[in-house]
Structures are given as C-alpha cells and as structure tokens.
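Visitor: Following this message is one structure expressed as structure tokens.
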Amino acid sequence: MILVLGATGTVGRGVVAGLAAAGRPVRALTRDAARAARSGLPPGVELAEGDLGRPQTLCAAFDGVDAVFALSTGPDAARQDAAVAQEAGRRRVRRLVRLSSVAADAPAVGSYGSAQADAELAFARTGAEWTMLRAAGFMSNVLQWRASIAAEGRAYQTYGGIPRAVVDPADIAAAAVACLTSDGHGGRVYRLTGPQALTAPGQLARIAALLGRPLEYVEAPREAAARAMAEGGLPPEFAAGLLDALADPDPRRGGTPLPTVHRLTGRPAGTFDAWLLRHRDAFGPRTGRAG
Ligand SMILES: NC(=O)c1ccc[n+]([C@@H]2O[C@H](COP(=O)([O-])OP(=O)(O)OC[C@H]3O[C@@H](n4cnc5c(N)ncnc54)[C@H](OP(=O)(O)O)[C@@H]3O)[C@@H](O)[C@H]2O)c1
C-alpha cells in the first residue's frame, strides 16, 4: 500500500492518479474524506482521514503502508514533517519520497529553506529508503494572479524579475511515481525544474497572448507582499521565510533548467505554454483576437 499525503492538492492528486493508473494500491490522506470522495479521485483509491497537524489522527492511515509520498503545507509544516517522519520510522515504512524545494539547497537563505532541509534530515533518519524531490517554483503559482487579472488586467508579484525554471506539477507527480514504484532512487536528491527559465513578466506575457488581451505586470514591493500575506493569515516569520526564498537570485536554486524530469519519467519536462493551454479556462473568457 502506498500512502499519499496532500492527495487532493496540486501535486498529490497527480501522484494518486499516476499510481492508480500503474495498478498500485493507493491510500489518499485527506482532512475531509467526504469532500475528497466528491473531488474525482480515481476509482479504487482508499481514503484515510487524518490531519498532519494532529499526529494522533495519522495512526490508521499508516496501517499496512510500505511506501509514502510525503509533503507538508503552510506555517505548521515543521510540526507536520516531524510527525510524519516519526510515524514512518515507528512503522518501519520501507520507502519515503518527499516533496521538498530547491530552497533546501541553501538553508542559510531563510527559514523556508532551513525548514525544508531540517525536514529532509528527519526523513533521512527514519531508516527508510528515502528520496528527496527538490522542486523549483511551480508553474501553477500563476493561478494566484487569476483574481487581479479578471478584476483589473494586472498581475502583482514580488522579486518577479528573477528567472525561474518553473516546473509543471504534473511532472513532479510523474517523477514521484517513478521513485515510488522503481528501484535505484534510495538516498538520492533530485532537483526538478521545467525546461525554460522565465521571469514573472515573461509568464504574464504568455498568459496575455493566450487570452488575447494586454495585461500589466506590477512589481510589488516586499513590504506590500508581507502585508498581503499577513492579511491572508500567515504568521510574519513564515511569510518572511517565503519572501527570502523568492528573493534568492542564485540560478542554481531553481533558475537553471535541468534534465532530471526527463531522466526520471522518460519524457521531456513540460513547457509553461503547454501547462497554460491545459489550464486556460482558469483565466476566464478569451476576449481579443490573438491566442
Ligand atoms: N508552490 C511552489 O512553487 C513550491 C515549490 C517547491 C516546493 N513546494 C512545496 O510543495 C508543497 C505543497 O504541495 P502542493 O502545492 O501540491 O500542496 P497543495 O496543493 O497546497 O495541497 C496540499 C493538500 O494537503 C492537504 N492538507 C493541507 N493541510 C493539511 C493538514 N493539516 N493535514 C492533512 N492534509 C492537509 C489538503 O488536502 P485536504 O484538504 O483534502 O486535507 C491539500 O489538498 C509544500 O511543501 C511546498 O513547500 C512548493
């Protein structure tokens, strides 16, 4: 049995689908099994209710599990990672594949990267055969621009001028499935990127072309981003950690396209344009002639 954490989310949903398509027994962790059941998971996928922030709720989910796809979310991530590592160690889970970040390469840059690095260490100490998937920024992060694009034809971003080899979450999921279902990935750290480095204005220009209307890029100062994150309920230290990671200009951390997705999945990493075409409807109606 393979347990997938974050199973209804951006990457986890693809991991569940990939494992189910490969005929593997899959258990999907969710905080709300009824909602997850309605959300279109593939038939035959088991659901387990549990909350990563409440370790006592995870026990049943780990019953009979020999591999885990793990991730953590939000300001509570460090506690979630510690709880999962402890449960996986206690149950002697054979294989652990963890979604991490290229920020783990530079823990000194800020608290987001150091938390990722600490979590990796905790997973490596479980005694399981572990694999770390250090992803670059997700292509899907541009979905956060939907509301301002719809309302005012603008996208706001901080540190958007730094080129990022953004990666398709579907490619991360495919890489995870490969690592969960085949041998030779134990003790490996894989850095997953897309095939091109793009700035935020470059991504927005592609969205504008697809929608057939002009869109304006606005570089938001760090203070404005921190304020918006605080208004969204994020603790200031956590928000600062995310912004420090965003501000990191080193192209070795997610700014340089790498062949890893191709090597792991057997197909080239998907382009941002291909991702955009698949998610075109998320950006509302096409109004102009182009696209
Ligand atoms: N975005 C990026 O650019 C980027 C880059 C590199 C790495 N990452 C890493 O990617 C990870 C997030 O992956 P994602 O975007 O696929 O996640 P996501 O879409 O935010 O989904 C996470 C899923 O986790 C579940 N969840 C949330 N809180 C939970 C809790 N307390 N207990 C149990 N389940 C919970 C939710 O499912 P239910 O509602 O069904 O419970 C949700 O569907 C993070 O660790 C982040 O650091 C992100």
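Visitor: Residue by residue through region 44-86, note down the ones that are more than 9 Å from the ligand (Cβ to nearest atom), open to solvent by less than 60 Å² (accessible area, probe 1.4 Å), in contact with a strand residue (DSSP E or B) (Cβ under 6 Å, 6 or more places away or on another chain) and without any contact (Cβ under 8 Å) to a residue 40 or more places away in the chain.
Guide: Once the filter is applied, which keeps residues that are more than 9 Å from the ligand (Cβ to nearest atom), open to solvent by less than 60 Å² (accessible area, probe 1.4 Å), in contact with a strand residue (DSSP E or B) (Cβ under 6 Å, 6 or more places away or on another chain) and without any contact (Cβ under 8 Å) to a residue 40 or more places away in the chain, region 44-86 yields only VAL45.
Visitor: Does region 181-202 include one or more residues that are within 13 Å of the ligand (Cβ to nearest atom), open to solvent by 30 Å² or more (accessible area, probe 1.4 Å) and under 19 Å from VAL102 (Cβ atoms)?
Guide: yes
Visitor: Any residue at all in region 27-36 that is touching a helix residue (DSSP H, G or I) at 6+ places or on another chain (Cβ under 6 Å), touching a residue at least 40 places away in the same chain (Cβ under 8 Å) and among the aliphatic types (A, V, I, L, M)?
Guide: no
Quick grid of which residues meet (1) under 30 Å from VAL68 (Cβ atoms); (2) more than 20 Å from the chain's Cα centre (by Cα):
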| residue | (1), (2) |
| --- | --- |
| VAL166 | yes, no |
| VAL189 | yes, no |
| ALA197 | no, no |
| ALA205 | no, yes |
| ARG213 | no, yes |
| ALA220 | no, yes |
| GLY241 | yes, no |
| ALA245 | yes, no |
| PRO251 | no, no |
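Visitor: Any residue in region 149-168 that is more than 21 Å from TRP275 (Cα to Cα) sitting within a Cβ distance under 9 Å of a residue that is assigned to a strand (DSSP E or B) and at pLDDT 95 or above? List the pairs, counting only those 6 or more apart or interchain.
Guide: GLU152/GLU216; THR158/GLU219; TYR159/GLU219
Visitor: If you take the residues in region 1-16 that are part of a helix (DSSP H, G or I) and more than 8 Å from the ligand (Cβ to nearest atom), which one is surrounded by the fewest Cβ atoms within 10 Å (Cβ to Cβ)?
Guide: GLY14
Visitor: So which residues in region 116-129 are among the hydrophobic types (A, V, I, L, M, F, W, C), more than 18 Å from the chain's Cα centre (by Cα) and open to solvent by less than 60 Å² (accessible area, probe 1.4 Å), if there are any at all?
Guide: ALA122, ALA124, ALA128, listed by residue number.
Visitor: Next up: Output yes when any residue across region 34-41 is under 24 Å from GLU120 (Cβ atoms) and part of a loop (DSSP other than H, G, I, E, B), and no when none is.
Guide: no
Visitor: Sort through ARG95, ARG146 and tell me the only one that's open to solvent by less than 20 Å² (accessible area, probe 1.4 Å), over 13 Å from the mean Cα position of the chain (by Cα) and at pLDDT 95 or above.
Guide: ARG95
Visitor: Check region 17-30 and report whether any residue there is open to solvent by 20 Å² or more (accessible area, probe 1.4 Å) and polar (S, T, N, Q).
Guide: no
Visitor: Still on this structure, please answer the following. Do the conditions hold for ARG134, that is, is it within 14 Å of the ligand (Cβ to nearest atom), out of contact with any Cys (no Cβ under 8 Å at 6 or more places or on another chain), open to solvent by 20 Å² or more (accessible area, probe 1.4 Å) and not in a helix (DSSP H, G or I)?
Guide: In short, yes.
Visitor: While we're on this one: Condition check: surrounded by fewer than 12 Cβ atoms within 10 Å (Cβ to Cβ), modelled with pLDDT of 95 or more and charged (D, E, K, R). Does ARG222 satisfy that?
Guide: no
The values are calculated or read from the model by the stated rules, or taken from the named source; none is laboratory data. A quick note: this is a predicted structure, and the numbers were derived from the prediction, not measured. All Cβ positions, glycine included, derive from the backbone under ideal geometry; neighbour counts span all protein chains shown. Just the protein is used for accessible areas: all its heavy atoms, side chains included, with ligands, DNA and RNA removed. Shrake-Rupley method; radii C 1.70, N 1.55, O 1.52, S 1.80 Å.
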